[in-house]
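Trainee: Next up is a structure, given as structure tokens.
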Amino acid sequence: MSIKYVLLGFLSWRSLTGYELKQLFVDSATLFWSGNSNQIYTPLSELHKEGLVSVEVQPQGTRPPRKVYSLTAKGWDTLKSWVQSRPDAPVQKNALLLQLAWADQLPYEDLDALLQSYEEHLQMQLLIFRELARRQEAPRRTPRETFLWESIERNWLSFYEHELTWAQSVRTELTRMNAESEEG
């Protein structure tokens, strides 16, 4: 996913400054991003050069002027074309799965501690996600758009819930296996 398309998407909602765009990313429960400001401003500049967004410079007295970005007709066409394009299948990157592939060499206690730590991390992610979703500002111009954003939130929520349930079941089974090996 290119950040440019996400920027076009936000600008289809309303005109925004670069700072406002960055805040939408930071506060989003559904669009995870942890980049720096250059990762917003560089693509915005490129979008402007490509004629996909326009920029209105607004003076602010003694403070630096604000640059307010708006979607152009060409930007709308580009966004629509991207939205209609075939999406890639999701790519799962989970370091724990790689660790588990060779975790048989660990004593039970170390493996259990690893999984417990992962569970705690997932529980924290769920709390953070729920809080971000609660205060997220998202476009809700139509009932369908509201439904789509809520569906994205449910997808992320179900991912973390499923991952937590899976980790708990692996840990439970390993505990059972350890108890059996100590008995036998």
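Trainee: So which residues in the range 2-21 are assigned to a loop (DSSP other than H, G, I, E, B) and among the aromatic types (Phe, Trp, Tyr), if there are any at all? Give the steps one after another, and end with the answer.
Mentor: Of all residues in the range 2-21, those assigned to a loop (DSSP other than H, G, I, E, B) come to 2, 14-15.
Correct list: empty.
Trainee: If we keep just the residues of the range 75-114 that are among the basic types (Lys, Arg) and surrounded by fewer than 10 Cβ atoms within 10 Å (Cβ to Cβ), which is farthest from residue 44 (Cα to Cα)?
Mentor: Here the residue is 93.
Trainee: With the checklist (1) among the basic types (Lys, Arg); (2) at pLDDT 90 or above; (3) closer than 27 Å to residue 150 by Cβ in hand, flag the one item residue 74 doesn't pass.
Mentor: (3)
Trainee: Hand me the list of helices (runs of 4 or more DSSP H) wholly inside the range 94-184 holding 2 or more residues that are among the hydroxyl-bearing types (Ser, Thr, Tyr) and at pLDDT below 95. Quick ask: steps written out before the conclusion?
Mentor: Details: elements: 95-101, 108-135, 143-183.
In the range 94-184, 143-183 are the helices (runs of 4 or more DSSP H) which contain 2 or more residues that are among the hydroxyl-bearing types (Ser, Thr, Tyr) and at pLDDT below 95.
Trainee: Out of (1) in contact with a Leu (Cβ under 9 Å, 6 or more places away or on another chain); (2) not assigned by TED's automatic domain parsing to the domain that holds residue 141, what's the single condition that is false for residue 103?
Mentor: (2)
Trainee: Among the listed residues 18, 51, 9, 75, identify the single one that is without any contact (Cβ under 8 Å) to a residue 40 or more places away in the chain, of a type outside the set (Val, Ile, Thr) and outside the structural domain of residue 152 (by TED's automatic domain parsing).
Mentor: Values: 18 fails: without any contact (Cβ under 8 Å) to a residue 40 or more places away in the chain; 9 fails: without any contact (Cβ under 8 Å) to a residue 40 or more places away in the chain; 75 fails: without any contact (Cβ under 8 Å) to a residue 40 or more places away in the chain.
Step by step, each of 18, 51, 9, 75 is checked, and only 51 is without any contact (Cβ under 8 Å) to a residue 40 or more places away in the chain, of a type outside the set (Val, Ile, Thr) and outside the structural domain of residue 152 (by TED's automatic domain parsing).
The values are calculated or read from the model by the stated rules, or taken from the named source; none is laboratory data. Worth saying up front: this structure is predicted, and the values here are computed from it rather than measured. Using ideal geometry, Cβ is built from the backbone for each residue, glycine included, and neighbour counts are taken over all protein chains shown.
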